[in-house]
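Before any comments, here is the structure.
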Amino acid sequence: MTPWNFFLTHRSEILSATLDHLTLVLIAMAFAITIAVPLGMLIVEHRHLRAFALGIASVFQTIPSLALFGFLIPIPFVGGIGRRTAIVALVLYALLPILRNTYVGLTSIDPAILDAAKAMGMTATQILLRVRLPLALSIILAGIRTATVITIGVATIAAAIGAGGLGTFIFRGVAMVSDAVILAGAIPAALLALLADLLLGLVERRIKVI
Amino acid sequence: MNERLAGPSDAAIEFRGVSYHINDIPGRAIVSNVSLTISRGETLVLLGRSGSGKTTLLKLINRMLVPSEGQVLVEGRSTTEVDPIRLRRGIGYVIQEAGLFPHFTIAENVALVPTLEKWPSARIASRVEELLHLVGLEPAEFSSRRPRELSGGQRQRVGVARALAADPPILLMDEPFGALDPVTRAELQREFSALARRLNKTIVFVTHEIREALQFASRIALLHGGRLVALAPPQDFLRLDHSEVHAFTASLAIPSGVSE
């Protein structure tokens with residue numbers, strides 16, 4: 001069977017796997033952003049926490065993704081077979097790019113601007129919300145963009161622990177030694193990644209201020 | 001307004017035996033035992049080489065820094081006793097390169113302190129217009145632009161307007177014209193010295209250029225190695241017999257072979 005024929009005969013299955021995949025990615029990204037952006041703000045002020053947080057996030061990133069999924073399975077509450085474990089692993093994977101970019105974005109602001117803000121009588125909170133964050137936004141978004149593209153790719157491996165998504169086709173195709181089946185998972189995943197990159201890139205350019 | 005009516009002998013800012021050392025290590029003093037009274041309405045110029053402690057002294061006034069020893073009094077109260085946010089909003093601050101917010105329009109930059117102070121928006125708008133006129137920028141042309149669309153000289157004008165926005169009685173200026181090309185600098189210096197005379201504010205002006213000091217100062221305070229080594233009105237300053245004064249007056253000399 002040619003890949004195209006397989007695609008046509010299984011299009012509703014592929015579409016639903018794509019939606020599952022997208023859901024997995026969106027949930028994981030929502031958690032990752034909710035954790036990493038505030039944590040990034042926190043480590044700007046807290047020197048001791050900084051090395052620790054960036055270190056831990058880097059360690060997660062170095063664990064091969066398949067191994068990370070495997071490690072999580074036996075852990076109570078977060079582990080087990082299925083989507084929950086997959087989401088936890090994806091969140092851990094996505095943390096570093098967002099955390100690092102948030103920290104870099106917030107700290108790479110011209111000191112003269114921060115000096116002026118303080119000297120004008122802005123409080124620390126006002127400086128964070130009205131000066132640091134708006135100026136760091138495009139760099140933070142670049143981190144989110146990188147993390148999203150990585151997550152879309154890594155999420156294909158989530159099928160190995162029964163989380164569904166486009167990886168299902170890839171694993172099935174590998175087992176069947178069928179390129180057509182592998183491509184039915186790989187092509188939509190690649191397209192999703194490209195689309196996410198393009199869209200977030202457009203947003204990033206729009207909000208860039210300097 | 002009561003402060004304005006007080007006599008010129010009244011102190012706006014007072015340094016009482018002030019020292020400042022990094023990490024409170026006495027051996028590494030940036031400022032050592034400075035005592036100095038700055039009168040209301042005067043323009044005091046802090047003159048000195050790089051690293052002489054002049055910017056540090058300036059930052060002790062609006063509590064960007066806190067003295068390691070001694071006291072800094074603003075309007076009679078120690079800076080460590082008052083709320084730093086309130087203190088800073090009552091003191092204008094102009095720095096080199098202006099330090100404007102790149103994501104704010106010119107109008108928003110100028111309106112910063114009034115906005116923080118929650119002035120009504122109509123009052124803010126009219127104040128911004130008035131200030132832009134004051135510093136020689138046409139509001140219709142500049143209000144909605146961003147700092148990056150302005151020249152260095154124009155940005156510095158905005159910096160002055162922003163510092164004056166809430167009409168603070170004290171203005172701190174840290175080499176405000178230092179980053180400008182010589183022609184623009186001379187232009188702004190001329191305009192600003194006329195403006196300063198009209199505004200009747202207490203101005204503390206940091207510079208390493210004796211020409212600028214002579215042009216603006218009612219008194220010049222010369223700093224060397226963190227110590228106050230000379231204090232005099234401009235006309236007397238050049239006659240002082242101190243090696244650091246000689247070093248600065250020597251920098252005034254016209255190169256030999258160049259005639260008027």
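Nothing in this text is a laboratory measurement; each read-out follows from the coordinates by a stated rule. Because the structure is predicted, anything quoted here is derived from the model rather than measured. Note that we place each Cβ from the backbone using ideal geometry, even for glycine, and neighbour counts take in every protein chain shown.
Testing B:A166 on (1) hydrophobic (A, V, I, L, M, F, W, C); (2) part of a loop (DSSP other than H, G, I, E, B); (3) surrounded by fewer than 16 Cβ atoms within 10 Å (Cβ to Cβ), one condition comes back false. Which one is that?
(3)
For (1) under 19 Å from the mean Cα position of the chain (by Cα); (2) surrounded by 21 or more Cβ atoms within 10 Å (Cβ to Cβ); (3) within 14 Å of another protein chain (Cβ to nearest Cβ); (4) on the phi > 0 side of the Ramachandran plot, each residue gets a yes or a no:
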| site | (1), (2), (3), (4) |
| --- | --- |
| A:P134 | no, no, yes, no |
| A:L137 | yes, no, yes, no |
| A:R145 | yes, yes, no, no |
| A:I150 | yes, no, no, no |
| A:G153 | yes, no, no, no |
| A:I157 | yes, yes, no, no |
| A:G165 | yes, yes, no, yes |
| A:F169 | no, yes, no, no |
| A:V174 | no, no, no, no |
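Determine whether A:A119 is within 14 Å of another protein chain (Cβ to nearest Cβ) and touching a Phe, Trp or Tyr at 6+ places or on another chain (Cβ under 6 Å).
The answer is yes for A:A119.
Given the structure, is B:G99 facing chain A (nearest Cβ under 9 Å), within 20 Å of A:A112 (Cβ to Cβ), in contact (Cβ under 8 Å) with a residue 24 or more places away in the chain and not in a loop (DSSP other than H, G, I, E, B)?
So B:G99 does not fit the description; no.
With respect to B:N62, determine if the residue is surrounded by 23 or more Cβ atoms within 10 Å (Cβ to Cβ), among the polar types (S, T, N, Q) and within 23 Å of B:L180 (Cβ to Cβ).
Taking the combined requirement at face value, the residue does not satisfy it.
Would you please list the contacts, defined by Cβ atoms under 8 Å and residues six or more apart or on different chains, that run from a residue in the stretch B:139-153 that is exposed (fewer than 15 other Cβ atoms within 10 Å of the Cβ) to a residue that is in a helix (DSSP H, G or I)?
Partner pairs satisfying both residue conditions: B:S144/B:I106; B:S144/B:A107; B:S151/B:T184.
Cβ-Cβ distance below 7 Å, separation of 6 or more or different chains: which pairs start in the stretch B:166-187 with a residue that is among the hydroxyl-bearing types (S, T, Y) and end on one that is part of a helix (DSSP H, G or I)?
Sorted first by the residue in the stretch B:166-187, then by its partner, the pairs are B:T184/B:G152; B:T184/B:G153.
Where in the stretch B:9-80 are the strands (runs of 3 or more DSSP E), entirely inside, with at least 1 residues that are in contact (Cβ under 8 Å) with a residue 12 or more places away in the chain and among the hydroxyl-bearing types (S, T, Y)?
Of the strands (runs of 3 or more DSSP E) lying wholly inside the stretch B:9-80, those with at least 1 residues that are in contact (Cβ under 8 Å) with a residue 12 or more places away in the chain and among the hydroxyl-bearing types (S, T, Y) span B:11-21, B:29-39, B:43-47.
Among the residues of the stretch B:136-165, count how many are within 13 Å of chain A (Cβ to nearest Cβ) and at positive phi.
So the count comes out to 0.
Among (1) more than 28 Å from B:S39 (Cα to Cα); (2) within 14 Å of chain A (Cβ to nearest Cβ); (3) assigned to a helix (DSSP H, G or I); (4) not hydroxyl-bearing (S, T, Y), where does B:I124 come up short?
Failed condition: (2).
Inside the stretch B:77-96, can you point out the residues that are at the interface with another protein chain (Cβ under 8 Å from one of its Cβ atoms) and basic (K, R)?
If the condition is that a residue be at the interface with another protein chain (Cβ under 8 Å from one of its Cβ atoms) and basic (K, R), then B:R86, B:R88, B:R89 are the ones that fit.
Of all residues in the stretch B:29-42, how many are out of contact with any Gly (no Cβ under 8 Å at 6 or more places or on another chain) and buried (at least 22 other Cβ atoms within 10 Å of the Cβ)?
1
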